[in-house]
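Below is one structure; the comments refer to it alone.
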C-alpha cells in the first residue's frame, strides 16, 4: 500500500462499524503471525544470499506476499526465503501459514481446502509440495522395516511388494487422513507426515511444516 493510501485509510478508521473493527483486528492478527513466520524462515536460511547463484552481494528489494525480497548484485535476479524450494512456484503464498496449520491438525483435503479457500486440486498439490522435501530421509526407517522379513513372508520384499508393505504399515499406524487410494509415489510423503505427528504429539506447531517444506530445521519449536 502506498503511503498516501495508508494515510487515507487511517483517516477513515473512525467510520468503521464494530463488526468491521473485529474483522480488521482478525486480519491484522493473521498478518502478524504470517510476518513472524517469514522472519523465522528467513532466519533459518542464514545470512541473506542469492538463491540462484549463491552470492552474498544482495540488497533488500521490498516485500511480496509478506515476504522480504532480495535482489542479487551479481546475477541481477530476485528471490525470497522460499525460492528454490518445493513452495517457490506456488501462488497465494500469503496462505502458506494457514495451510501449514491444516497439516498440523491432520485435516482431510476437503477440510483444508475449505479452511484456506483453495479448490481440491490445489489443496492436493500443496499437501505434497509441503511434504516432499523430507521424503527421502524420513522414509528410510519405514522402508527398511517394510523390507524386513515376517514369519511366513519372503525375506526379500522388493518393488511393488515392499511398497505395499509400507502402505500397510502406514494404515496400521491408526492415523491417516481420509483417503480412497494412494499412489505409490506419495507413500514417502505420508510417512514423513506420520513421523512429524509422532514427534510432535502435543501442540503440533504449524511452523514446523513450513520449515520442513523448505528443508530447514524449525527454530524454537
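The values are calculated or read from the model by the stated rules, or taken from the named source; none is laboratory data. These numbers come from a predicted model, not from an experiment. Glycine also receives a Cβ, built like all others from the backbone with ideal geometry; neighbour counts cover every protein chain displayed.
Would you be able to tell me the number of residues in region 177-196 that are more than 16 Å from residue 133 (Cα to Cα) and at pLDDT 70 or above?
Residues flagged as more than 16 Å from residue 133 (Cα to Cα) and at pLDDT 70 or above within region 177-196 amount to 3.
Any idea how many residues of region 3-41 are under 26 Å from the mean Cα position of the chain (by Cα), farther than 22 Å from residue 211 by Cβ and at pLDDT below 90?
Looking only at that region, the number is 3.
Would you pick out the residues in region 91-112 that are more than 17 Å from residue 33 (Cβ to Cβ) and crowded, with 21+ Cβ neighbours inside 10 Å?
Passing the criteria: only 112.
Any chance region 2-9 includes a residue that's touching a strand residue (DSSP E or B) at 6+ places or on another chain (Cβ under 6 Å), loosely packed, with under 15 Cβ neighbours inside 10 Å and in a loop (DSSP other than H, G, I, E, B)?
No - not one qualifying residue is present in region 2-9.
Whether any residue in region 206-218 is at pLDDT below 75, over 30 Å from residue 84 (Cα atoms) and either surrounded by 10 or more Cβ atoms within 10 Å (Cβ to Cβ) or under 19 Å from the mean Cα position of the chain (by Cα) (or both) is what I want to check.
no
Within region 140-176, count every residue that is assigned to a helix (DSSP H, G or I), more than 27 Å from residue 100 (Cβ to Cβ) and modelled with pLDDT of 50 or more.
Here the count works out to 8.
Step by step: first the residues of region 36-61, then only those that are touching a strand residue (DSSP E or B) at 6+ places or on another chain (Cβ under 9 Å) and under 20 Å from residue 97 (Cα atoms), then the one that is surrounded by the most Cβ atoms within 10 Å (Cβ to Cβ). Which residue is that?
Looking at residues that are touching a strand residue (DSSP E or B) at 6+ places or on another chain (Cβ under 9 Å) and under 20 Å from residue 97 (Cα atoms), I get 41.
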